[in-house]
Amino acid sequence: MGQKAAGRSLAAVWPARYPAELLWAHGICAGEVWDPPGDVGLTSAHLQSFVCPVVKRGLGLYLSGTLAPVDLFVFPHTCDSLQNLSSLVKDLLREERPCLAWYPPRGSGPQALAYAESQLGSLSRALERVTGPMRDGALEEAVAWGERRDGLLRDLYRSRAEGKLRATATEFYEAVRSCEYLWPEEALARLEAFLRERRAEQPLKEGVPVLLSGVLPAPASLLQWLDGEGIRIAEDDLIACGRRVLREPLESPPDPWAALARRQLAWPPCSTAGSPLRERIAFLRRLVERSGARGVIFLAMKFCEPEGFERPALVEALRAEGVPLLQVESELEPEPPASLVTRIQAFLESIP
């Protein structure tokens, strides 16, 4: 409730990529709904059993009443399941608070950029109806916050890839994922402190470096187990994390609207953005090379269709280059199943 006390509105935002800067400029603190705790049994009357755990947990959180203090909801049209969830909440459950949609651009080039600009304008007008118009200079300030966050996350990922970070996987992702719910100034302070306190001058050379690909770094108990086994996540291609980090600085035009639109097209390639497979494969190769990862673990989210469609091609491409890899599946269980642990142990023993 500290954000409310500061005069800010609260938004629950479903995954995955969206213009957070626009919400900040309207005085809205976003809380992203990825893997909240709660009883997914509440969703059985509304969702089929084969819907992904992210959607189930998000709806379970909504049905539990925990989101009562929230002023509005934002649903990025990331996949069919999330689009259906937005309709379910707004039209079937009769949610009276504003339920706004974000339609992310696909592809690149002038047409995609123009589309991004038009969608930013549409979303801003919808936000104005909730919070009123932006104050002068608010968007410029928010874009500056976003650029600072980009730089800090880039430094954090680079330090980890180089082995120059004194942090467990749990600690690393707690810092990165604090951006999902903190007001930007608070998140920036936390990231700066984390880098200042945890960055090492020389590589630590600890643990077997691997690359983690999938949706989320979850469950937390799996991260703890990996640390205990001497495994170091040197890089990740996770939708919630690494695919929302701009790996190279982005030159921003003076106009904040143009800068924000350009940023929407600069994310790393992702299955949810319709990125060409060749770009995704090239991105994974670069991550493996830069981090020195000795293997890739695909931590698949059960029933995630965008990821499921692309994974076979990614696996085939990496195998052709001799990269050791493993495919396992998760439903965001509190504890990793014994079968999953056994498979990862066997995989690690096979890495040269």
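From the residues in the range 14-30 that are farther than 23 Å from SER271 by Cβ and among the small types (Gly, Ala, Ser), which one is surrounded by the fewest Cβ atoms within 10 Å (Cβ to Cβ)?
Checked the range 14-30; the qualifying residue surrounded by the fewest Cβ atoms within 10 Å (Cβ to Cβ) is GLY27.
Run down ARG125, ARG149, ARG154 and say which single residue is at pLDDT 95 or above, basic (Lys, Arg) and crowded, with 19+ Cβ neighbours inside 10 Å. Outline the logic, then answer.
Working: ARG125 fails: crowded, with 19+ Cβ neighbours inside 10 Å; ARG154 fails: crowded, with 19+ Cβ neighbours inside 10 Å.
Being at pLDDT 95 or above, basic (Lys, Arg) and crowded, with 19+ Cβ neighbours inside 10 Å holds for just one of ARG125, ARG149, ARG154, which is ARG149.
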The range 212-236, residues that are among the acidic types (Asp, Glu) and buried (at least 23 other Cβ atoms within 10 Å of the Cβ) = GLU235, ASP236
Is it the case that some residue within the range 94-114 is in contact (Cβ under 8 Å) with a residue 40 or more places away in the chain, of a type in the set (Ser, Thr, Tyr) and more than 23 Å from PRO276 (Cβ to Cβ)?
-> no
Test for SER213: is it among the polar types (S, T, N, Q) and under 22 Å from SER275 (Cβ atoms) = yes
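Taking into account only those residues within the range 43-69 that are surrounded by 15 or more Cβ atoms within 10 Å (Cβ to Cβ) and β-branched (Val, Ile, Thr), which is nearest to GLU331 (Cα to Cα)?
Of the range 43-69, the ones surrounded by 15 or more Cβ atoms within 10 Å (Cβ to Cβ) are 43, 46-47, 51-63, 67.
Of the ones still in play, those that are also β-branched (Val, Ile, Thr) are 43, 51, 54-55.
On the way: THR43: 15, VAL51: 11, VAL54: 9, VAL55: 11 Å.
Going through the qualifying residues, I end up with VAL54.
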Scope the range 275-310; condition under 18 Å from ILE351 (Cα atoms) and of a type in the set (S, T, N, Q); matching residues = SER291
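Determine whether ARG285 is within 30 Å of LEU113 (Cα to Cα), modelled with pLDDT under 95 and of a type in the set (D, E, K, R).
No; evaluated as a whole, the condition is false for this residue.
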The range 157-180, subset of a type in the set (A, V, I, L, M, F, W, C) and part of a helix (DSSP H, G or I), residue surrounded by the most Cβ atoms within 10 Å (Cβ to Cβ) = VAL176
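Yes or no, residue by residue, for (1) charged (D, E, K, R); (2) touching a Ser or Thr at 6+ places or on another chain (Cβ under 6 Å); (3) more than 26 Å from ALA144 (Cβ to Cβ):
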position: VAL13; (1), (2), (3): no, no, no
position: ALA16; (1), (2), (3): no, yes, no
position: HIS26; (1), (2), (3): no, yes, no
position: VAL51; (1), (2), (3): no, yes, yes
position: VAL74; (1), (2), (3): no, no, no
position: GLN83; (1), (2), (3): no, no, yes
position: LEU88; (1), (2), (3): no, no, yes
position: GLU96; (1), (2), (3): yes, no, yes
Taking the range 189-219 as the search range and keeping residues that are of a type in the set (A, V, I, L, M) and part of a helix (DSSP H, G or I), which one is farthest from PRO336 (Cα to Cα)?
-> ALA189
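Does GLU185 qualify as being surrounded by fewer than 21 Cβ atoms within 10 Å (Cβ to Cβ), under 25 Å from SER124 (Cβ atoms) and at pLDDT 95 or above? Full working, then the answer.
Details: surrounded by fewer than 21 Cβ atoms within 10 Å (Cβ to Cβ): yes; under 25 Å from SER124 (Cβ atoms): yes; at pLDDT 95 or above: yes.
Here the answer is yes, as GLU185 does meet what is asked.
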Residue count for the range 31-42, restricted to those that are surrounded by 24 or more Cβ atoms within 10 Å (Cβ to Cβ) and of a type in the set (Gly, Ala, Ser) | 0
Residues that are surrounded by fewer than 17 Cβ atoms within 10 Å (Cβ to Cβ) and not β-branched (Val, Ile, Thr), drawn from the range 330-342 | GLU331, GLU333, PRO334, GLU335, PRO337, ALA338, SER339
ALA161: within 20 Å of the chain's Cα centre (by Cα), among the small types (Gly, Ala, Ser) and over 30 Å from ARG290 (Cβ atoms), yes or no?
-> no
From the list LEU299, LEU318, LEU287, LEU348, pick out the single residue that is within 15 Å of GLU235 (Cβ to Cβ), buried (at least 18 other Cβ atoms within 10 Å of the Cβ) and over 22 Å from the mean Cα position of the chain (by Cα).
-> LEU318
With the condition kept exactly as written, say whether any residue in the range 5-23 is over 17 Å from the mean Cα position of the chain (by Cα) and free of Cβ contacts under 8 Å to residues at least 40 places away in the same chain.
-> yes
Cβ-Cβ below 8 Å, separation at least six or inter-chain, first residue in the range 308-325 and within 11 Å of ARG280 (Cα to Cα) and in contact (Cβ under 8 Å) with a residue 40 or more places away in the chain, second of a type outside the set (Asp, Glu) and surrounded by 15 or more Cβ atoms within 10 Å (Cβ to Cβ): which pairs?
-> LEU314/SER213; LEU314/ARG280; LEU314/ILE281; LEU314/LEU284; LEU314/PHE298
For LEU222, which of the numbered conditions (1) within 28 Å of GLU21 (Cα to Cα); (2) touching a residue at least 60 places away in the same chain (Cβ under 8 Å) fails to hold?
-> (1)
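The values are calculated or read from the model by the stated rules, or taken from the named source; none is laboratory data. What you are looking at is a predicted structure, and each value in this text was computed from that prediction instead of being measured. Every residue, glycine among them, receives a Cβ derived from its backbone with ideal geometry; neighbour counts consider all protein chains shown.
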